[in-house]
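Working notes, structure below.
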Amino acid sequence: MTIDTCLAKDLITVEQAREALLQAIAPLQETQLLPLEQCCGRILAERATAQVDLPPCDNSAMDGYALCGQAAHYALVGRSLAGHPFAGRLGNGECVRITTGAALPPGADRVVMQEHSDLHGDTLTPRQDTPAGQHIRRRGEDVRCGDSLVAPGRPVTVPDIALLAAAGVRELVVMRPVRAALLSVGDELRPLDTPPADLSHGEIYDSNRIALATALRELGIETVDIGCLPDNPGSIREGLEKARDSADIVITSGGVSVGEADYTRAVLEDLGQLDLWRLAIKPGKPFAFGRLPKAGRETLFFGLPGNPVSALVTLYQLVIPALEKLRGIVDGERTPPFQGRARLLNPIRKAPGRTDYQRGYTYRDTDGLQVVESSGLQGSHILSGFSRANCFIVLARESGDRDTGDWVTIEPFRAPLG
């Protein structure tokens, strides 16, 4: 049996690392009062309550006629339109023309749809029985004034905004955004505005910092760009100090492995403490987590591998769950990525030792069966296969090669990868 050549006895499992991160992180405490329209995606800090009943009055669910009592024929005495209610009260055998959402006049106890009735002059004849209460929306049947609408500890969604606005809520108390300082480490890295002709032999574009910043902004995280640092302990120290003082968390890519030019971990241990290093995950083994103390509190440190696929896999599997807790999302609202099963369409190589997150493309075949295929080469530097993928093929730590036709675990991408 082939053994993972990167396997070491002291590697931490993905599950252990994720749990350790969640235990080590406390949610931010600072809040902001914001207008409702600025709150989508923010984490609610205080319970929001309805200011009015929904609906605010009995109203019609249909365009038609509001009737009083059960009769063969009704006298049409007026109309009730949305925003322009009928001013009087209906007596038995009377009706008004009514539109969807319009207030039900006093005395009306049912609504007949216009297509189920005939109007001749001022006489309405329903073409079918209309039971009491039909097509009426009752006051407060959705929400009562004072009801709790959205509980704290979860992101405010678009449906939440719609509900809160309808219930008269103008502003919310939300958690302030997390601030993340980003920096890359590596002599070989160059900014994206460098012309290709100016790249020296062996130099590459710094894609990680751009990808990570984009992913974090999509999650509502504010970013501070510290830039790209050379493989130099002094420069790394200066960059980490600047990042520490300007943000709640620092995310680096590169410099946390065991290479002779990998200084980030050593500088971190000098400035603070290292809590986690080297995981039983593929790709992404050099992932590191630690703390940088400052003025009575601390900045959290996430050191991601330099290989671009490794950086994104560890961001997705480890950093994002930690950020959810830091942002103030409570336990019951922090949902792990959905996992399902799919039949494999091609053989996969896998050496026991590390949980492997291979990139795949999943879909339903013509028989409705969920299937998955590799999206291409699986090297931690292969971004084209990641771009083509829409899921991870999750292979357990001790599993080996998988054959065509085997059932495997898949994890469809969610934001920010999907």
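The values are calculated or read from the model by the stated rules, or taken from the named source; none is laboratory data. All values derive from a computational prediction rather than experimental measurement. Using ideal geometry, Cβ is built from the backbone for each residue, glycine included, and neighbour counts are taken over all protein chains shown.
What to note about this one:
- Taken together, 284, 303, 290, 328 contain a single residue that is farther than 22 Å from residue 388 by Cβ, surrounded by 24 or more Cβ atoms within 10 Å (Cβ to Cβ), touching a helix residue (DSSP H, G or I) at 6+ places or on another chain (Cβ under 7 Å) and not hydrophobic (A, V, I, L, M, F, W, C), which is 303.
- In the range 361-415, the residue that is surrounded by the fewest Cβ atoms within 10 Å (Cβ to Cβ) out of those that are of a type in the set (Ser, Thr, Tyr) and over 15 Å from residue 309 (Cβ atoms) is 366.
- Against the conditions (1) at pLDDT 95 or above; (2) in contact with a Gly (Cβ under 6 Å, 6 or more places away or on another chain); (3) not charged (D, E, K, R), residue 224 satisfies every one except (2).
- Among the residues of the range 48-91, those that are more than 19 Å from residue 119 (Cβ to Cβ) and polar (S, T, N, Q) comprise 49, 51, 59.
- Verdict on residue 180 being under 20 Å from the mean Cα position of the chain (by Cα) and of a type in the set (Gly, Ala, Ser): yes
- Entirely in the range 108-168, the strands (runs of 3 or more DSSP E) that have 3 or more residues that are closer than 20 Å to residue 58 by Cβ and assigned by TED's automatic domain parsing to the domain that holds residue 65: 110-113
- In the range 297-306, the condition of being part of a strand (DSSP E or B), more than 19 Å from residue 182 (Cα to Cα), within 21 Å of the chain's Cα centre (by Cα) and touching a residue at least 40 places away in the same chain (Cβ under 8 Å) is met by no residue.
- In the set (1) crowded, with 22+ Cβ neighbours inside 10 Å; (2) in contact (Cβ under 8 Å) with a residue 60 or more places away in the chain; (3) assigned to a helix (DSSP H, G or I), residue 320 fails one condition alone, (1).
- Within the range 339-368, considering residues that are in a strand (DSSP E or B) and small (Gly, Ala, Ser), the one farthest from residue 315 (Cα to Cα): 342
- Among the residues of the range 75-85, some residue qualifies, meaning at least one is of a type in the set (A, V, I, L, M, F, W, C) and in contact with a Phe, Trp or Tyr (Cβ under 9 Å, 6 or more places away or on another chain).
- Look at the range 248-277: where a residue is basic (Lys, Arg) and a partner is at pLDDT below 85 and not in a strand (DSSP E or B), sitting 6+ places away or on another chain with Cβ atoms under 8 Å, you get 265/255; 265/256.
- Matching residues in the range 384-418 - criterion: being of a type in the set (A, V, I, L, M, F, W, C), within 27 Å of the chain's Cα centre (by Cα) and either over 18 Å from residue 281 (Cα atoms) or in a loop (DSSP other than H, G, I, E, B) (or both): 389, 396, 413, 415, 417
- Flag for residue 243 being surrounded by 22 or more Cβ atoms within 10 Å (Cβ to Cβ), in the same structural domain as residue 299 (by TED's automatic domain parsing) and either within 28 Å of the chain's Cα centre (by Cα) or not in a loop (DSSP other than H, G, I, E, B) (or both): yes
- Test result for residue 248, charged (D, E, K, R) and more than 30 Å from the chain's Cα centre (by Cα): no
- Qualifying residue in the range 221-231 (condition: assigned to a strand (DSSP E or B), within 23 Å of residue 24 (Cα to Cα) and not aliphatic (A, V, I, L, M)): yes
- Single condition residue 113 does not satisfy, out of (1) touching a helix residue (DSSP H, G or I) at 6+ places or on another chain (Cβ under 6 Å); (2) surrounded by 15 or more Cβ atoms within 10 Å (Cβ to Cβ): (1)
- Some residue of the range 190-211 being among the hydrophobic types (A, V, I, L, M, F, W, C), in contact with a Ser or Thr (Cβ under 6 Å, 6 or more places away or on another chain) and surrounded by 15 or more Cβ atoms within 10 Å (Cβ to Cβ): no
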